[in-house]
């Protein structure tokens, strides 16, 4: 059985675990030839997304509902998060290496993202949306917060059309490993700065778009 220490060693070496399905207890390591990343602080917010943010009602919360975010990410017809992996993430969270950002709208759960941190690297594992723009807001907030807190690498593992529209891009395995090498040797702390308020995030998005 994989241990939290072995899981962290894998991330430090540039690989990540996945299960074939929720019912398969086995875990497999992946090191794809092309890797998806989001430039830290470089999320692209569409006009409609910025309008939705400005309308109000949105808020972000760090580590308040870690297990709930992981469970929501796993509640799909097909998922790579099985029970052993969910338990490993929970133990990493207890050790301070796994974190979840929850998005709420008018107080109700709207979406979220969770991942693993090592040095100045954030390994984004999965995100979920419970209402329109929920996962997009999670990406906006997380990217901005990572930049504020000194992170230099936002790993998305694979590039999807959804992520590409928001500024993610694909790099080679060799380029990824170089970026990871440098990120692991830099200090960063998700709790060194408070999460931005919605109005602060909107102003930031307006200035950079």
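Since every read-out is calculated from the coordinates, none of them should be taken as a lab result. Values in this document were obtained by computation on a predicted structure and should not be read as measured data. All Cβ positions, even for glycine, are placed from backbone atoms using ideal geometry, and neighbour counts span all protein chains on display.
Report, to one decimal in Å, the Kirkwood hydrodynamic radius for the range 125-209 based on all distinct Cα pairs. The partial results should precede the final answer.
Numbers: mean 1/r = 0.0694 Å⁻¹.
Computed over Cα pairs of the range 125-209, the Kirkwood hydrodynamic radius comes out at 14.4 Å.
Ranked from highest to lowest mean number of other Cβ atoms within 10 Å per residue, what is the order of the peptides 152-160, 30-38?
Values: 152-160: 19.1, 30-38: 17.1.
Highest to lowest by the protection proxy: 152-160, 30-38.
Normalised by the residues of the range 113-194, what does the relative contact order come to in percent, with Cα pairs under 8 Å and at least six apart? All intermediate terms of the calculation are to be shown ahead of the outcome.
On the way: 97 pairs, mean separation 31.6, N = 82.
The value is 39 percent.
Among 66, 122, 28, the largest mean-square fluctuation in a Gaussian network model of the chain, built with springs joining Cα atoms closer than 10 Å, belongs to 28.
Compute the angle between helix 83-94 and the longest alpha-carbon principal axis of the chain, please, reported from 0 to 90 degrees and rounded to the nearest 10. Approximately 70 degrees, to the nearest 10.
Structural descriptor for the range 1-134: relative contact order 23 percent, calculated from alpha carbon pairs under 8 angstrom and at least 6 residues apart.
Annotation: the chain has a Kirkwood hydrodynamic radius of 17.2 angstrom, from the mean reciprocal C-alpha pair distance.
Computed from label points 7 Å out along Cα-Cβ, the spacing between residue 186 and residue 26 is 3.8 nm. The C-alpha radius of gyration of the range 1-110, expressed as a fraction of 2.2 N^0.38 Å, stands at 1.25.
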